[in-house]
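*Asks:* The structure that follows is given in the form of structure tokens.
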Amino acid sequence: MTKEKYIKNQTNAAPLAVFRILFGIMMLASIIRFWYHGWIEKLYLEPKFHFTYYGFEWVQPIGTYTYLLFILCGLSAIFITIGYKYRLAIIFFFLSFTYIELMDKTTYLNHYYFISLLSFLLIFLPANKYFSVDSFLLKKEFKNIPKWTIDSIKLLLVIVYFYAGLAKLNSDWLFRAMPLKIWLPSKYDIPFIGNNVMQQEWFHYVMSWNGALYDLSIPFLLLWKRTRLLAFTLVVFFHVFTRILFPIGMFPFIMIIATLIFFEGTFHEKIINNIKRVFRLPIEKIQSIANYQYSNTKRKTITVIVGVFLIIQLLMPWRYLLYPGELFWTEEGYRFSWRVMLMEKAGYASFKIVDGKTGKFFYVDNTDFLTTYQEKQMSFQPDFILEYAHYLGDHFKRDGHKNIEVYVESFVALNGRLSESYINSNIDLYQQKEGFKHKKWILPFTNKIKINGL
């Protein structure tokens, strides 16, 4: 099939419509859940200082208006669900949700990143052309849409799963069962299996190997019609089980509903017909049109944007190859690469403020500036340590201190190993700049993690 023919190829619009509805519901539930647990105040309003992403330092919590940001994000999720003013709603959802995630990188999670990417992709897809308020108001809907629009979501899901599987192909995961060997024994309170099976070393290895096999194979099992139902059963079991084991929020449910996109259009038609029947929707006056096609100019522009977007997603996780040293240790190129729950890191970082001329110094009490969670995350991530060092330097400079130099004494333990020195304590971090270059002041990892799948 030629590229032109593939681009014009049509498929049932129902899977994308159902995906839009379920995505909107999941996002609304996520926003409500975040508010309900008091995390807006705890994570964005209470901290004195917020760790930022390089290049996005300007993105900061906006005080009590942060609640308004969540309200608008939730409202846009409702509009996405019903398909009303869809394009505006999904653009606003992408911007508001991404802004929320950029406010403090302490809260970085792979699935938040996934939602930002997915909502960006949905901006360009015709998810409101079938079974939406928009189509109801226009009195017309399209039964078919370009096939590549649904395939682009499938490809994004394939990347997430397959790259997560590749990332597990390392010696710590496969041959030391780390970090599951640390995490699973603490689940002793799970009924029936917590106090026996979870404590067995063989089970830690079974979980590690099966986790890698699951991630590597599930996207292809979903793509093949003959194994799709089995694959979806595995998806439900895997994500429900991991949800029981670990506090990973809405991620399991989001992945379960997302993988429904692999099913045939007839399956989604049944879902839509059930919704119509339950809510008794007045849809009989809507004109049904066979195919939806972008205009030539729009199609060329959108396919280029989506194509570049997907190529970036394919390449981004490999950027770690540009950096020397052990990835799990330096974390240079670690985020935004689908490395999900791969390591257990614990650290200690004590900062020393020095007068460069007199040599007088004092140590900082981190609890004066950081929350417990922020201090924990800062203690083993180099970019956090550098940003905090600059924050301390600026703070004490404003307090009238002169000739400020900032040093850190830090130790980190990775995947059950003994802790070792992490940052060169002779380097004045206040003089070091953040950037994409390798951070030479990170001390080398003295062990070796063999095999790196991704």
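*Asks:* Quickly run through segment 355-374 and pick out the residues that are without any contact (Cβ under 8 Å) to a residue 24 or more places away in the chain and among the charged types (D, E, K, R).
*Replies:* Lys360, Asp365, Asp368
*Asks:* Identify, please: which residue in segment 240-285 is among the hydroxyl-bearing types (Ser, Thr, Tyr) and under 29 Å from Val340 (Cβ atoms) and is, among those, modelled with the lowest pLDDT?
*Replies:* Here the answer is Thr242.
*Asks:* Would you pick out the residues in segment 26-40 that are touching a helix residue (DSSP H, G or I) at 6+ places or on another chain (Cβ under 9 Å) and without any contact (Cβ under 8 Å) to a residue 60 or more places away in the chain?
*Replies:* Leu28, Ile31, Ile32, Phe34, Trp35, Trp39, Ile40
*Asks:* Looking at segment 120-210, what helices (runs of 4 or more DSSP H) fall wholly within it and have at least 3 residues that are free of Cβ contacts under 8 Å to residues at least 60 places away in the same chain and among the aliphatic types (A, V, I, L, M)?
*Replies:* Because the criterion is at least 3 residues that are free of Cβ contacts under 8 Å to residues at least 60 places away in the same chain and among the aliphatic types (A, V, I, L, M), the helices (runs of 4 or more DSSP H) in segment 120-210 that meet it are 133-138.
*Asks:* So Ala89 fits all but one of (1) outside any helix (DSSP H, G or I); (2) without any contact (Cβ under 8 Å) to a residue 24 or more places away in the chain; (3) open to solvent by less than 40 Å² (accessible area, probe 1.4 Å); what number is the exception?
*Replies:* The number of the failed condition is (1).
*Asks:* Any residue that is open to solvent by 50 Å² or more (accessible area, probe 1.4 Å) and under 19 Å from the mean Cα position of the chain (by Cα) - is there at least one of those in segment 6-26?
*Replies:* Yes, segment 6-26 has at least one match.
*Asks:* OK, next. Kindly provide the set of residues from segment 244-266 that are more than 29 Å from Ala13 (Cβ to Cβ), more than 16 Å from the chain's Cα centre (by Cα) and open to solvent by 30 Å² or more (accessible area, probe 1.4 Å), ordered by number.
*Replies:* Ile244 - this is the single residue of segment 244-266 that is more than 29 Å from Ala13 (Cβ to Cβ), more than 16 Å from the chain's Cα centre (by Cα) and open to solvent by 30 Å² or more (accessible area, probe 1.4 Å).
*Asks:* Another one. Does Lys143 qualify as being more than 26 Å from the chain's Cα centre (by Cα), open to solvent by 10 Å² or more (accessible area, probe 1.4 Å), among the basic types (Lys, Arg) and on the phi < 0 side of the Ramachandran plot?
*Replies:* Criteria met by Lys143.
*Asks:* Based on what the data block shows, is Tyr65 aromatic (Phe, Trp, Tyr) and more than 30 Å from Leu125 (Cα to Cα)?
*Replies:* Answer is yes for this residue.
*Asks:* In the list Glu57, Glu41, which residue meets the criterion of being assigned to a loop (DSSP other than H, G, I, E, B), more than 17 Å from the chain's Cα centre (by Cα) and either over 30 Å from Ile150 (Cβ atoms) or of a type outside the set (A, V, I, L, M, F, W, C) (or both)?
*Replies:* The conditions single out Glu57.
Rundown of residues vs (1) open to solvent by less than 10 Å² (accessible area, probe 1.4 Å); (2) among the charged types (D, E, K, R); (3) within 28 Å of the chain's Cα centre (by Cα); (4) at pLDDT 95 or above, yes/no style:
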| residue | (1), (2), (3), (4) |
| --- | --- |
| Phe124 | no, no, yes, yes |
| Phe136 | no, no, no, no |
| Lys147 | no, yes, yes, yes |
| Leu156 | yes, no, yes, yes |
| Ser186 | no, no, yes, no |
| Trp202 | no, no, no, yes |
| Val206 | no, no, yes, yes |
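*Asks:* Oh, and also: Take Lys285 and decide whether it is among the charged types (D, E, K, R) and surrounded by 10 or more Cβ atoms within 10 Å (Cβ to Cβ).
*Replies:* Spelling it out, it is not the case that Lys285 is among the charged types (D, E, K, R) and surrounded by 10 or more Cβ atoms within 10 Å (Cβ to Cβ).
*Asks:* Only one of Glu375, Glu409, Glu387 is under 17 Å from Glu344 (Cα atoms), among the charged types (D, E, K, R) and surrounded by 13 or more Cβ atoms within 10 Å (Cβ to Cβ). Can you tell me which?
*Replies:* Glu375
*Asks:* Being free of Cβ contacts under 8 Å to residues at least 40 places away in the same chain and in contact with a helix residue (DSSP H, G or I) (Cβ under 8 Å, 6 or more places away or on another chain) narrows it down to one of Leu230, Leu245, Leu223, so name that one.
*Replies:* That would be Leu230, the only listed residue that is free of Cβ contacts under 8 Å to residues at least 40 places away in the same chain and in contact with a helix residue (DSSP H, G or I) (Cβ under 8 Å, 6 or more places away or on another chain).
For every residue, the table says whether it meets (1) without any contact (Cβ under 8 Å) to a residue 24 or more places away in the chain; (2) open to solvent by 60 Å² or more (accessible area, probe 1.4 Å); (3) of a type in the set (Val, Ile, Thr).
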site: Ile302; (1), (2), (3): no, no, yes
site: Leu315; (1), (2), (3): yes, yes, no
site: Ser337; (1), (2), (3): no, no, no
site: Ile353; (1), (2), (3): no, no, yes
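*Asks:* Being open to solvent by 10 Å² or more (accessible area, probe 1.4 Å) and in contact with a strand residue (DSSP E or B) (Cβ under 8 Å, 6 or more places away or on another chain) is the filter here, so list the residues in segment 339-348 that pass it.
*Replies:* Answer for segment 339-348, where residues must be open to solvent by 10 Å² or more (accessible area, probe 1.4 Å) and in contact with a strand residue (DSSP E or B) (Cβ under 8 Å, 6 or more places away or on another chain): Met343, Glu344, Lys345, Ala346, Gly347, Tyr348.
*Asks:* When you go through (1) outside any loop (DSSP other than H, G, I, E, B); (2) small (Gly, Ala, Ser); (3) over 26 Å from Asn170 (Cβ atoms) one by one for Ala346, which number turns out not to apply?
*Replies:* (3)
*Asks:* Continuing with the same structure: Of everything in segment 27-48, what is of a type outside the set (Asp, Glu) and surrounded by fewer than 17 Cβ atoms within 10 Å (Cβ to Cβ)? Give them in sequence order.
*Replies:* Ala29, Ile32, Arg33, Trp35, Tyr36, His37, Gly38, Trp39, Lys42, Leu45, Lys48, listed by residue number.
*Asks:* A follow-up question, please. For Phe384, state whether it is within 28 Å of the chain's Cα centre (by Cα) and part of a loop (DSSP other than H, G, I, E, B).
*Replies:* So Phe384 fails the test.
The values are calculated or read from the model by the stated rules, or taken from the named source; none is laboratory data. All values reported here derive from a predicted model rather than from experimental measurement. Cβ sites come from the backbone with ideal geometry, for glycine too, and all protein chains shown count toward neighbours. Areas reflect the complete protein model, heavy atoms only, side chains present, ligands, DNA and RNA absent. Shrake-Rupley method; radii C 1.70, N 1.55, O 1.52, S 1.80 Å.
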